[in-house]
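The values are calculated or read from the model by the stated rules, or taken from the named source; none is laboratory data. Source: prediction; values computed, not measured. Here the Cβ is made from the backbone with ideal geometry for all residues, glycine too, and neighbour counts use every protein chain on show.
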Amino acid sequence: MEVIESKAPKVLAIHFQEIGGKEFKENMHQMKHFFQKLYTTLSEKFNLRRGLGYYDQDFTNVDTFTALGLLYLFHDDVKEASVCNFQTGNFDAIENFTLTSDSVALPHFHKLRFSKELFPKSRPSRKGFLQCRLQINGLVIDLVNIHLFHDACNIEAVESSPSVFAKKRENGLKFVLKQLDQEKNCQIPMVLFGDFNFRLDTKCLIEEVLAPSSVAVQMIVQGDDGKPNLQYRDLNSGENLVEMKTKLFNHKLNVGNIQSENLERLYKLDREPLCHTMLHEFPIQFVPSYPFSENIDCGKDYMYTRAPAWCDRILLNEPAWLLANSVSSSVCYDIIGKDTCMGDHKPVCLGLSFPIGNSSSSSSSSLSHKKIAASSQNSS
């Protein structure tokens, strides 16, 4: 709420992944109340009274369930807001607030769960994308929520550069862009934000930052579970610099030394977005958004389950990028809740201005409506 208050947005867009959390079957019944309460608070506090809400609730449908959700709200100052009806091709006026939770037959949303062939080792899970096309005072813009595949095993992630998981994410994002038909719709501004699960190049992270061969030796140790564990030990002291298991990644990095010493070094290993040259991103100056402690008293600390990574991102296609840079105003791209437990992913927000025409006037002047895009996640 503090971030929203400080930005005073005219349009607020929030994307959710993993609706219902890890125990979504037990928690899904609470989602309607959650969205209604969130809308009530935002509408009363910030005059964001019109809008759309959606959450994918039918977890019994294994072919369509994505656990994605969204909340788009418009300030009273926004004269015209409408949403594309993908079935008719027309734009329907947004005159109040509508909350939807259907799994199929969604005229205002394009939702797709990834097929199992796209997943690493063809093991499907609840991931996919959710598209909505809005028209705001004459400006047509696509907002796309996305959740790509995670690194299932640290040991496998360190075997090659890029990892097998990075290659699957690359193919997954290319699939999404193809489904969105970016060649046909390349002139429509698009903001794509959610949990891309982008990871640092883990092999290079070990070899160049955490345990270079000049100071460390790799040891393969048999774990209690019978599976091999990796240890990188200091050549002189024998101290473990890094210890890796399937879901363990003990290392010496923390929020403090990343921010003060290692931010640039780690960012150079953030190579997955480079595969998608048609997408743009504002400079990252915040620490990796994942994996933070889920202990309510340790919100500033990382968990030692995975290497720190900028999983949660907000990307713009070329038309959106040009629009955002055509307005001489400051841009805020940061994580939310730096000192507070927010789950394993810190939400990421982008506050910027788009030139939006005043459709009630015949003049060529434009209004600059601020917009915040926040990528939020219940769990991973």
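Looking only at residues in the range 133-171 that are in a strand (DSSP E or B) and over 16 Å from the mean Cα position of the chain (by Cα), which one is farthest from residue 356 (Cα to Cα)?
Selected residue: 133.
Name the residues in the range 214-240 that are in a loop (DSSP other than H, G, I, E, B), among the small types (Gly, Ala, Ser) and surrounded by 11 or more Cβ atoms within 10 Å (Cβ to Cβ), would you?
Residue satisfying the conditions is 223 alone.
Regarding residue 109, is this residue touching a residue at least 40 places away in the same chain (Cβ under 8 Å), touching a helix residue (DSSP H, G or I) at 6+ places or on another chain (Cβ under 7 Å) and aromatic (Phe, Trp, Tyr)?
When the stated conditions are applied, residue 109 does not pass them.
Listed residues 243, 318; which is touching a strand residue (DSSP E or B) at 6+ places or on another chain (Cβ under 8 Å) and under 27 Å from residue 164 (Cα atoms)?
Residue meeting the stated conditions: 243.
What is the one condition in (1) modelled with pLDDT under 95; (2) of a type in the set (Ser, Thr, Tyr); (3) in contact with an Asp or Glu (Cβ under 9 Å, 6 or more places away or on another chain) that residue 202 does not satisfy?
Only one criterion is unmet by residue 202, namely (1).
Conditions (1) more than 14 Å from residue 338 (Cβ to Cβ); (2) out of contact with any helix residue (DSSP H, G or I) (no Cβ under 9 Å at 6 or more places or on another chain); (3) not aromatic (Phe, Trp, Tyr), marked per residue:
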{"residue": "276", "(1), (2), (3)": "yes, no, yes"}
{"residue": "280", "(1), (2), (3)": "yes, no, yes"}
{"residue": "284", "(1), (2), (3)": "yes, no, yes"}
{"residue": "288", "(1), (2), (3)": "no, no, yes"}
{"residue": "295", "(1), (2), (3)": "yes, yes, yes"}
{"residue": "298", "(1), (2), (3)": "no, yes, yes"}
{"residue": "305", "(1), (2), (3)": "yes, no, yes"}
{"residue": "314", "(1), (2), (3)": "yes, yes, yes"}
{"residue": "324", "(1), (2), (3)": "yes, yes, yes"}
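Test residue 281 against the criterion of being surrounded by fewer than 19 Cβ atoms within 10 Å (Cβ to Cβ), more than 14 Å from residue 308 (Cβ to Cβ) and not hydrophobic (A, V, I, L, M, F, W, C), and give yes or no.
For residue 281, the condition - surrounded by fewer than 19 Cβ atoms within 10 Å (Cβ to Cβ), more than 14 Å from residue 308 (Cβ to Cβ) and not hydrophobic (A, V, I, L, M, F, W, C) - is met.
What single numbered condition from (1) assigned to a strand (DSSP E or B); (2) within 23 Å of the chain's Cα centre (by Cα) fails to hold for residue 126?
Of everything listed in (1) assigned to a strand (DSSP E or B); (2) within 23 Å of the chain's Cα centre (by Cα), residue 126 misses just condition (1).
Taking residue 296 and the conditions (1) touching a strand residue (DSSP E or B) at 6+ places or on another chain (Cβ under 8 Å); (2) aliphatic (A, V, I, L, M); (3) over 22 Å from residue 166 (Cβ atoms), which numbered condition does it fall short on, given that it satisfies the others?
Looking at each condition in turn, residue 296 falls short on (1).
Take the range 245-300 and flag every residue that is under 16 Å from the mean Cα position of the chain (by Cα) and hydrophobic (A, V, I, L, M, F, W, C).
Those that are under 16 Å from the mean Cα position of the chain (by Cα) and hydrophobic (A, V, I, L, M, F, W, C): 279, 282, 284, 286, 287, 292.
Looking at 203, 174, 178, 111, can you tell me which residue is among the basic types (Lys, Arg), surrounded by fewer than 21 Cβ atoms within 10 Å (Cβ to Cβ) and part of a strand (DSSP E or B)?
That would be 111, the only listed residue that is among the basic types (Lys, Arg), surrounded by fewer than 21 Cβ atoms within 10 Å (Cβ to Cβ) and part of a strand (DSSP E or B).
Keeping to the range 125-146, report how many residues are over 19 Å from residue 86 (Cβ atoms) and without any contact (Cβ under 8 Å) to a residue 60 or more places away in the chain.
1
When you look at residue 194, is it surrounded by fewer than 18 Cβ atoms within 10 Å (Cβ to Cβ) and touching a residue at least 12 places away in the same chain (Cβ under 8 Å), yes or no?
no
Does residue 303 satisfy the criteria of being under 30 Å from residue 77 (Cβ atoms) and in contact (Cβ under 8 Å) with a residue 12 or more places away in the chain?
In short, no.
Could you list, in sequence order, all residues of the range 214-236 that are of a type in the set (S, T, N, Q) and at pLDDT 90 or above?
214, 218, 229, 231, 236
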